[in-house]
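A.B. asks: This is the structure I want to talk about, given as structure tokens.
The values are calculated or read from the model by the stated rules, or taken from the named source; none is laboratory data. Everything quoted here is computed from the prediction, not taken from an experiment. Please note: Cβ atoms are built from the backbone with ideal geometry, for glycine as well, and neighbour counts cover all protein chains shown. Surface areas here come from the heavy atoms of the whole protein model, side chains and all, with no ligands, DNA or RNA. Shrake-Rupley method; radii C 1.70, N 1.55, O 1.52, S 1.80 Å.
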Amino acid sequence: MCGIVGYVGNKEIKDILIDGLTELEYRGYDSAGIATLQENNIRHFKSIGKLVNLQDKLKNYSSDGFVVGIGHTRWATHGKPTELNAHPHLGEYSYVVHNGIIENYQEIKKSLEQKGVNFVSQTDTEVIVHLFEDFYKDNNDEFKAFEKTLNALKGAFAVLLISKIDNQKIFFAKHGSPLIVGDDENGEIYFGSSDSAMIGKAKEVIYLEDGEYGYASLDGIKLFKKSKSKKLHKKTLTQDKIYAQKDGFRFFMEKEIYEQSEVVNDSMMGRVLDEQIDFEELDKNFFKGINEIQICACGTSYHSALASSYLFERLAKMQTSVEIASEFRYKQPLMKKNRLFVVISQSGETADTLETLKMAKKAGMKTLAICNVDNSSIVRTADKTILLRAGIEKGVASTKAFATQMMVLWMLSLYIAKLKNSLKRKKMVKELQSIREIPSILKITDKLHEKIKRLSKRYLHGHGFFFIGRDIFFPLALEGALKLKEISYLHAEGYPAGEMKHGPIALADSELFTIALMPKSLLYEKTKSNVEELSARDSTILAVSPEEFELADDFIKTNHSAHPMGEFFEMMIVVQLLSLEIAIRMGNDVDMPRNLAKSVTVE
Ligand code: M6R
């Protein structure tokens with residue numbers, strides 16, 4: 001989750017840019033950089049790791065006078081977290097910072113290379129600055145060159161560009177990734193990818209809309225869309241930092257639920273190809289001699305592991321066992337070298353999970369971590385890592401990490417399926433099509449959220465909740481119940497729908513709330529009969545399904561989806577929002593539930 005800042009004015013620029021980047025640190029990053037332009041002097045400073053490393057490099061630099069500058073924190077997507085890959089990226093006389101993805105960067109790169117342009121990084125971003133300079137050569141008009149550059153780019157982006165051609169300006173553009181431009185009472189200009197980077201500096205801001213672009217200098221902000229000049233739609237900037245970090249949401253957890261479409265998209269970036277999945281962090285040899293998978297994890301990560309076992313067996317035809325890490329540690333487990341040992345962890349610091357990883361390494365097994373935090377203990381210990389790219393997760397109750405885990409695990413099952421030749425080409429292409437639909441399935445409509453908000457008031461009492469589902473919807477039921485427990489402190493259990501009759505159905509009465517996950521694309525009739533059994537015992541039923549269910553007391557209609565994973569992701573949103581709204585009605589601190597810690601580093 002990269003961050004962008006920019007400044008035009010007379011203040012000490014390193015203070016302004018570093019302060020802005022510090023405010024964006026919570027989004028997560030693995031390298032950072034700034035570029036400044038004073039008269040004809042253009043300079044850059046970059047470092048990997050935390051901002052203190054960049055500050056160290058800036059020790060002997062001071063701007064002293066009018067200056068233009070841009071800064072960036074990078075969360076690696078294309079290319080490793082190195083100084084060369086860190087932003088800003090340099091052309092011959094210009095610098096660019098960028099958030100998002102340039103989908104057609106390979107084509108652009110190829111055509112520029114044919115013209116003799118030399119690329120130094122592995123990023124998609126670098127094409128922007130070279131393209132700009134290439135267009136400038138044609139007509140010596142920097143604004144036209146910038147417009148032409150934007151028109152040539154496909155994908156999602158927020159861009160800031162500075163150039164020696166005009167040392168008074170920053171060029172900017174927004175298309176799919178957030179960008180804000182603002183000014184203060186002296187007309188000095190500030191940019192940020194989130195308004196938290198601009199609080200205490202800018203007074204009024206423009207939350208740029210997709211397709212808007214322009215340039216800003218001490219003469220003001222010039223805004224355009226489709227080559228036509230636009231009126232500035234300025235707003236007064238809030239001065240409350242925490243409020244700004246939450247982007248207007250009531251809790252970080254709520255914001256993170258809403259971010260899922262974007263982070264899942266980030267997670268797919270560069271990995272979902274036309275006919276296969278590619279993980280640059282893996283290679284074929286790593287899977288030599290492997291014909292089983294063993295996964296260890298805790299909590300939410302355990303639930304994603306469990307759901308993935310259905311995918312590994314179904315798609316990759318790999319036998320897969322899943323264990324709760326704290327149990328695995330002491331059961332004197334059999335550790336076979338023909339098994340790939342996988343650990344899943346958001347934080348990368350969970351003591352139980354880390355310990356199982358060490359056990360597997362000691363036993364000589366090949367190990368793979370699926371993790372959100374680069375350089376965490378788990379990442380440093382595992383042979384290979386796939387990063388989730390969910391950005392920093394602040395809410396103690398995990399949401400977006402779960403979504404990205406599910407996406408990575410689904411992609412991994414297809415990656416292995418390709419290696420093992422276990423899926424026909426047609427089926428693979430269909431799976432990939434379904435994967436591409438997920439980011440839009442994860443977009444939350446006001447209608448859905450409002451409905452859940454209204455329903456939540458009926459689910460505050462009673463003697464307990466059962467979340468039920470079959471197949472991959474059983475681990476989702478477990479996850480729904482865990483979310484509700486964690487933040488509402490109400491008792492909830494997740495159960496396989498078909499297992500209720502073997503005992504728990506004894507609890508059924510009108511005070512028992514059943515949240516029934518009833519996807520249409522997978523075992524609908526079977527699940528339906530299980531829910532009917534509960535309804536016959538007077539349990540209060542909240543059915544979540546694309547198909548109207550006449551016995552339900554309450555009903556949340558989801559969309560039909562050709563692939564069960566499409567329904568899975570939509571129902572995931574439903575159970576997350578339901579837990580959130582119930583907990584908010586109970587008056588709880590959703591982001592910091594009692595007795596819980598974000599990272600569990602003790603046994
Ligand atoms: O960081 P990890 O994924 O290893 O954490 C595992 C669990 O502690 C974590 O998922 C926990 O259950 C969350 N609070 C769930 O919301």
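A.B. asks: Is it the case, given these coordinates, that MET411 is away from the ligand (no atom under 16 Å from the Cβ), closer than 30 Å to THR385 by Cβ, under 27 Å from the mean Cα position of the chain (by Cα) and assigned by TED's automatic domain parsing to the domain that holds LEU315? It would help to see each step written out before you state the result.
C.D. replies: On the way: away from the ligand (no atom under 16 Å from the Cβ): yes; closer than 30 Å to THR385 by Cβ: yes; under 27 Å from the mean Cα position of the chain (by Cα): yes; assigned by TED's automatic domain parsing to the domain that holds LEU315: yes.
So MET411 fits the description; yes.
A.B. asks: Something else: Suppose we keep only residues that are outside any helix (DSSP H, G or I) and open to solvent by less than 70 Å² (accessible area, probe 1.4 Å) within segment 51-61. Which one would you say is farthest from ASP30 (Cα to Cα)? Give the derivation first.
C.D. replies: Initial filter on segment 51-61 (outside any helix (DSSP H, G or I)): 58-61.
Filter again for open to solvent by less than 70 Å² (accessible area, probe 1.4 Å), leaving 58, 61.
Numbers: LEU58: 18, TYR61: 23 Å.
Applying the filter and picking the extreme gives TYR61.
A.B. asks: In addition: Suppose the filter is away from the ligand (no atom under 16 Å from the Cβ), over 16 Å from ILE487 (Cα atoms) and open to solvent by 30 Å² or more (accessible area, probe 1.4 Å); does SER529 pass it? Step through it out loud before you land on a result.
C.D. replies: Details: away from the ligand (no atom under 16 Å from the Cβ): yes; over 16 Å from ILE487 (Cα atoms): yes; open to solvent by 30 Å² or more (accessible area, probe 1.4 Å): yes.
When the stated conditions are applied, SER529 passes them.
A.B. asks: With within 15 Å of the ligand (Cβ to nearest atom), more than 19 Å from LEU306 (Cβ to Cβ) and outside any loop (DSSP other than H, G, I, E, B) as the only criterion, which of THR385, THR404 stands out? Step through it out loud before you land on a result.
C.D. replies: On the way: THR404 fails: more than 19 Å from LEU306 (Cβ to Cβ).
Just a single option satisfies the conditions, and that option is THR385.
A.B. asks: So, in segment 366-381, of the ones that are open to solvent by less than 10 Å² (accessible area, probe 1.4 Å) and in a loop (DSSP other than H, G, I, E, B), which residue ends up nearest to TRP410 (Cα to Cα)?
C.D. replies: Our first condition is that a residue be open to solvent by less than 10 Å² (accessible area, probe 1.4 Å); within segment 366-381, this holds for 367-372, 376, 378.
Now narrow it down to the ones that are in a loop (DSSP other than H, G, I, E, B): 372, 376.
Numbers: ASN372: 16, SER376: 23 Å.
The qualifying residue nearest to TRP410 (Cα to Cα) is ASN372.
A.B. asks: Take the residues of segment 225-248 that are touching a residue at least 24 places away in the same chain (Cβ under 8 Å) and part of a strand (DSSP E or B): which is farthest from ASN151 (Cα to Cα)?
C.D. replies: Kept after step one, since they are touching a residue at least 24 places away in the same chain (Cβ under 8 Å), are these residues of segment 225-248: 227, 232-241, 244-245, 247.
Now narrow it down to the ones that are part of a strand (DSSP E or B): 235-236.
Numbers: LYS235: 28, THR236: 31 Å.
Result: THR236.
A.B. asks: How many residues are buried (at least 21 other Cβ atoms within 10 Å of the Cβ) and touching a Pro at 6+ places or on another chain (Cβ under 8 Å) if we restrict to segment 420-470?
C.D. replies: Residues meeting the conditions: 3.
A.B. asks: OK, next. Any residue at all in segment 356-364 that is within 14 Å of the ligand (Cβ to nearest atom), within 24 Å of SER31 (Cα to Cα) and either polar (S, T, N, Q) or open to solvent by 30 Å² or more (accessible area, probe 1.4 Å) (or both)? If you could, list the steps in order and put the result at the bottom.
C.D. replies: Of the residues in segment 356-364, the ones within 14 Å of the ligand (Cβ to nearest atom) are 356-357.
Cutting the leftovers down to within 24 Å of SER31 (Cα to Cα) gives us none.
No, the conditions are met nowhere in segment 356-364.
A.B. asks: Is it the case that segment 3-23 has a residue that's at pLDDT below 95 and on the phi > 0 side of the Ramachandran plot?
C.D. replies: No, segment 3-23 has no match at all.
A.B. asks: Another one. Just to be sure before I move on: is SER304 assigned by TED's automatic domain parsing to the domain that holds GLN346, within 16 Å of the ligand (Cβ to nearest atom) and modelled with pLDDT of 95 or more in the structure I sent? Write out each step before concluding.
C.D. replies: On the way: assigned by TED's automatic domain parsing to the domain that holds GLN346: yes; within 16 Å of the ligand (Cβ to nearest atom): yes; modelled with pLDDT of 95 or more: yes.
For SER304, the condition - assigned by TED's automatic domain parsing to the domain that holds GLN346, within 16 Å of the ligand (Cβ to nearest atom) and modelled with pLDDT of 95 or more - is met.
A.B. asks: Those residues that are within 16 Å of the ligand (Cβ to nearest atom) and surrounded by 17 or more Cβ atoms within 10 Å (Cβ to Cβ), I need them from segment 327-350; list them, please. Talk me through it step by step, then tell me what you get.
C.D. replies: We begin by selecting, within segment 327-350, every residue within 16 Å of the ligand (Cβ to nearest atom); these are 327-329, 341-350.
Of everything in segment 327-350, those that are within 16 Å of the ligand (Cβ to nearest atom) and surrounded by 17 or more Cβ atoms within 10 Å (Cβ to Cβ) turn out to be PHE328, ARG329, PHE341, VAL342, VAL343, ILE344, SER345, GLN346, SER347, GLY348, GLU349, THR350.
A.B. asks: Given the residues GLU133, GLU147, which is the only one that is under 32 Å from the mean Cα position of the chain (by Cα), surrounded by 13 or more Cβ atoms within 10 Å (Cβ to Cβ) and acidic (Asp, Glu)?
C.D. replies: Details: GLU133 fails: under 32 Å from the mean Cα position of the chain (by Cα).
Going through GLU133, GLU147 in turn, the sole match is GLU147.
A.B. asks: For segment 121-142, which positions are in a helix (DSSP H, G or I) and farther than 15 Å from GLY155 by Cα? Lay out the reasoning, then the answer.
C.D. replies: At the first step, the residues of segment 121-142 found to be in a helix (DSSP H, G or I) are 126-139, 142.
Within segment 121-142, VAL129, HIS130, LEU131, PHE132, GLU133, ASP134, PHE135, TYR136, LYS137, ASP138, ASN139, GLU142 qualify.
A.B. asks: Hey, another quick one. If the requirement is being in a strand (DSSP E or B) and polar (S, T, N, Q), which of these qualifies: ASN85, ASN118, ASN151, ASN99?
C.D. replies: From the options ASN85, ASN118, ASN151, ASN99, the qualifying one is ASN99.
A.B. asks: Here's a follow-up. Taking segment 482-517 as the search range and keeping residues that are under 33 Å from the mean Cα position of the chain (by Cα) and over 17 Å from GLY469 (Cβ atoms), which one is nearest to the ligand (Cβ to nearest atom)?
C.D. replies: The first filter runs over segment 482-517 and keeps only residues under 33 Å from the mean Cα position of the chain (by Cα), leaving 482-497, 513-517.
Filter once more, keeping what is over 17 Å from GLY469 (Cβ atoms): 486-491.
Numbers: GLU486: 6, ILE487: 9, SER488: 13, TYR489: 14, LEU490: 15, HIS491: 16 Å.
Per the criteria, the residue is GLU486.
A.B. asks: Does segment 558-590 hold any residues that are in a helix (DSSP H, G or I) and open to solvent by 30 Å² or more (accessible area, probe 1.4 Å), and which are they?
C.D. replies: Initial filter on segment 558-590 (in a helix (DSSP H, G or I)): 564-585.
Result: ILE584, ARG585.
A.B. asks: Additional query: Mind listing just one residue for me: the one in segment 287-326 that is out of contact with any helix residue (DSSP H, G or I) (no Cβ under 8 Å at 6 or more places or on another chain) and part of a loop (DSSP other than H, G, I, E, B) and, of those, surrounded by the fewest Cβ atoms within 10 Å (Cβ to Cβ)?
C.D. replies: LYS288
A.B. asks: Looking at the structure I just gave you, is ALA32 touching a residue at least 12 places away in the same chain (Cβ under 8 Å) and either in contact with a helix residue (DSSP H, G or I) (Cβ under 7 Å, 6 or more places away or on another chain) or of a type in the set (Asp, Glu) (or both)? Even if it seems obvious, please write down each step before you answer.
C.D. replies: On the way: touching a residue at least 12 places away in the same chain (Cβ under 8 Å): yes; either in contact with a helix residue (DSSP H, G or I) (Cβ under 7 Å, 6 or more places away or on another chain) or of a type in the set (Asp, Glu) (or both): yes.
So ALA32 passes the test.
A.B. asks: Additional query: Residues in segment 63-92 that are open to solvent by 50 Å² or more (accessible area, probe 1.4 Å) and modelled with pLDDT of 95 or more: how many?
C.D. replies: Looking only at that region, the number is 1.
A.B. asks: For segment 389-401, does any single residue satisfy the condition of being in a loop (DSSP other than H, G, I, E, B), open to solvent by less than 30 Å² (accessible area, probe 1.4 Å), charged (D, E, K, R) and away from the ligand (no atom under 13 Å from the Cβ)?
C.D. replies: Within segment 389-401, the first condition is being in a loop (DSSP other than H, G, I, E, B), and the residues that meet it are 389-399.
Still in the list and also open to solvent by less than 30 Å² (accessible area, probe 1.4 Å): 389-391, 393, 395-399.
Cutting the leftovers down to charged (D, E, K, R) gives us 389, 393.
Adding the requirement that they be away from the ligand (no atom under 13 Å from the Cβ) leaves 389.
Yes.
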